[in-house]
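Below you'll find the structure, written out as structure tokens, and then a few comments.
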Amino acid sequence: MLAIEPDLDRFVETHEPHYFHAQARGFALIRKIERHLKRANSYAGQYYGYTDHETGDVVITGECDEEYEAEWNKACDLARMAARSNAYWIIRAQGRDDETAMLIHEAHMLIAQQG
């Protein structure tokens, strides 16, 4: 028997044989977005640096902007994927209004406007 993988680029209806797999993948996708947003938020406002042992001063050598942007971009990419899949229905059914839900809702609206 072939295992049918649910599509992440379309909504899987309740009467389709792999609906429950699509739902599970939707929940997993939402968790991935949440993890990337959490990582991005952990980098916000952070700096690289060290303590100079001679003077005792903190020397800042750089900011964590690149790491923040990378995690934010991953979350946005996943939100675009979620906006086309059952993850969007899950977010709507839960009535969520957190950062993850907002990313998915915004991505869904952009997709709907594009046609």
So the angle from the long Cα axis of helix 99-114 to the longest Cα principal axis of the chain, reported in degrees to the nearest 10, equals 60 degrees
PRE zone check, label point 7 Å out along Cα-to-Cβ of H15, amide N under 19 Å, scope region 80-96, hits 86
Site I111, offset 7 angstrom along Cα→Cβ, radius 11 Å on amide nitrogen, limited to region 76-90, gives 78-89
In degrees rounded to 10, the 0-90 angle between helix 65-83 Cα long axis and the longest Cα principal axis of the chain is 10 degrees
P(r) of the chain over all Cα-Cα pairs, 5 Å bins starting at 0, rounded to whole percent, reads 2, 12, 17, 17, 14, 10, 7, 6, 5, 4, 3, 2, 1, 0, 0
Dipole check, region 30-113, charges on Cβ (K,R +1; D,E -1), about Cα centroid: among L37, H53, I91 the Cα furthest to the positive pole belongs to I91
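Every read-out reported here was derived from the displayed coordinates using simple, explicitly stated rules and does not represent laboratory data. Being a predicted model, the structure only gives us computed values, none of them experimental. Note that each Cβ is placed from the backbone with ideal geometry, even for glycine, and that neighbours are counted across all protein chains shown.
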